[in-house]
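> Submitted below is the structure of interest, expressed as structure tokens.
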Amino acid sequence: MLVFIPNLVVAYFVAVSSGLSVAASLLLPWSMLPDVVDDFRLTNPFCKGHEAIFYSFYVFFTKFAAGVSLGVSTLCLQFAGYNNGACRQPAPVVYTLKLLIGVAPVAFIVTGLLILLLYPINEDVRLRNRVQLEELRCVELINGHLRGKV
């Protein structure tokens, strides 16, 4: 939006909306991971201690995606004719930067939000998982006490 309407008010609006979307993109996956781990625990009650795998995969694929995006951005700029050390860049480089800074992030954010709509763990499933996990913990606690007393 700022590319097509260079205005101070638009700049502030873009800055605030960009900050909110970046914050959401960084915080939402971390808040979803405990729900995923709980759902996995209920689906596989005899598998324990796999939380670290989920967190490690998330961190790995986040770093991997950052590396891929840097590589793709570098290739796009190279194909557009970017010159290292030049004070003035060709018009295709400017246009490529506008696309990489404006259109591409918006497209990925919208795609991520559409994928998020298909997320299978909603509030009802989360509450049901919470109750089932409490029951599972109680059963494990009772079994542990019975084994200890026998």
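> Using a Förster radius of 30 Å, what is the FRET efficiency between Thr74 and Asn122 based on their Cβ-Cβ separation? Nearest 0.05, please. Write out the running numbers ahead of the final one.
Numbers: r = 39 Å, r/R0 = 1.32.
Efficiency at R0 = 30 Å is approximately 0.15.
> Leaving out ligands and nucleic acids, note down the accessible area per residue over the chain with a 1.4 angstrom probe, in whole Å². Numbers along the way, then the final one.
Values: 11790 Å² over 150 residues.
For the chain, the per-residue accessible area is 79 Å².
> Given the options Val103, Ser25, Ala80, identify the residue whose Cα lies farthest towards the positive end of the charge dipole of the chain (+1 on Cβ of Lys, Arg; -1 on Cβ of Asp, Glu).
Ala80
> Please give the helix 123-149 orientation as an angle from the longest Cα principal axis of the chain, in degrees from 0 to 90, rounded to the nearest 10.
Helix 123-149 sits roughly 40 degrees off the main axis of the chain.
> Give a residue-ordered list of calculated ³J(HN,Hα) values for segment 35-46 (Karplus: 6.51 cos²θ - 1.76 cosθ + 1.60, θ = phi - 60°; whole Hz; x for Gly, Pro).
5, 5, 5, 5, 5, 5, 4, 6, 5, 10, x, 9
> Also: If you average the alpha carbon positions of segment 79-150 and of segment 47-64, how far apart do those two centres end up, in angstrom?
Using only Cα atoms, the two centres lie 12 Å from each other.
> Run the simple label-point estimate for Phe108 and Cys47 please: 7 Å along Cα→C-beta, distance reported in nm.
Distance between label points: 2.9 nm.
> Moving to a separate point now. Here are a few candidate values for Kirkwood radius over Cα pairs in Å: (i) 15.0; (ii) 19.8; (iii) 16.0. Which one was actually calculated from the structure I just gave you?
The listed entry that was calculated here is (ii).
> Evaluate the relative contact order of the chain (contact order divided by residue number), counting alpha-carbon pairs under 8 angstrom at least 6 apart; express in whole percent.
Working: 40 pairs, mean separation 40.6, N = 150.
Relative contact order comes out at 27 percent.
> Something else about it: With a 1.4 Å probe and every protein chain kept in, tell me what percent of the accessible surface of segment 83-122 is carbon plus sulfur. Don't jump to the answer; show the numbers that get you there.
Working: 2390 of 3210 Å².
Accessible surface attributable to carbon and sulfur in segment 83-122 totals 75 percent.
> Return the single residue from Asn84, Asn129, Asn44 with maximal mean-square fluctuation; model: Gaussian network over the chain, springs between Cα atoms under 10 Å.
Asn84
The values are calculated or read from the model by the stated rules, or taken from the named source; none is laboratory data. Quick caveat, the model's predicted, so the values are computed rather than measured. So basically every Cβ, Gly included, is an ideal-geometry build from the backbone, and we count neighbours across all protein chains shown. The protein model used for the area step is the full one, side chains on, heavy atoms only, and it has no ligands, DNA or RNA in it. Shrake-Rupley method; radii C 1.70, N 1.55, O 1.52, S 1.80 Å.
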